[in-house]
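Data block below; observations after.
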Amino acid sequence: MGLRSYFLKHLKTVNTIRLVLAILLGTMVIIDIILVILGDEYPTFSEVVEHNRSELIWLNFLLSGLIAKIFFNRKVTTKKKEISGFFGFLAIIILLFAIGQIDGFKVEAWHQVLIMICGAYLGHRVWPQYIFEEEDILELKSSE
């Protein structure tokens, strides 16, 4: 089953997810603009991220892993226990949280990108829970 046919089968779901993400992003931008207009008494999202980059590396890892889990979920033929992947992912998040709390620890932009890529890869690999349906398995066998 190709990626195109998968998206065509689940077009309504994909469009709903895109709509929700666009609404969340738009809401965040509008709130950020309102906070800038209100002045210095309220911090904006961009200020929070800029000033707390090192402390929030765990959040960067988590968000990239969840995005990979949602949009690029790996298909498997046998369903495995998801809890082991969850604990592996949680352990990395706890480790990154602890590292982010170290005084004097600074994260550069390229470190943040690397953490995001690693989070996406781990989220894709440790939670392979989109199991093939029987018709998908038959379609794969017939295409080989």
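Data table
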{"item": "Residue in the stretch 114-135 that is out of contact with any helix residue (DSSP H, G or I) (no Cβ under 9 Å at 6 or more places or on another chain), at pLDDT 70 or above and not assigned by TED's automatic domain parsing to the domain that holds N15 present", "result": "yes"}
{"item": "Residues located in the stretch 48-88, provided they are at pLDDT below 75 and among the acidic types (D, E)", "result": "E50, E82"}
{"item": "Boolean, I23 is farther than 16 Å from M116 by Cα, within 19 Å of the chain's Cα centre (by Cα) and modelled with pLDDT of 85 or more", "result": "yes"}
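The values are calculated or read from the model by the stated rules, or taken from the named source; none is laboratory data. All figures in this text were calculated on a predicted structure; none of them were measured in a lab. Please note: Cβ atoms are built from the backbone with ideal geometry, for glycine as well, and neighbour counts cover all protein chains shown.
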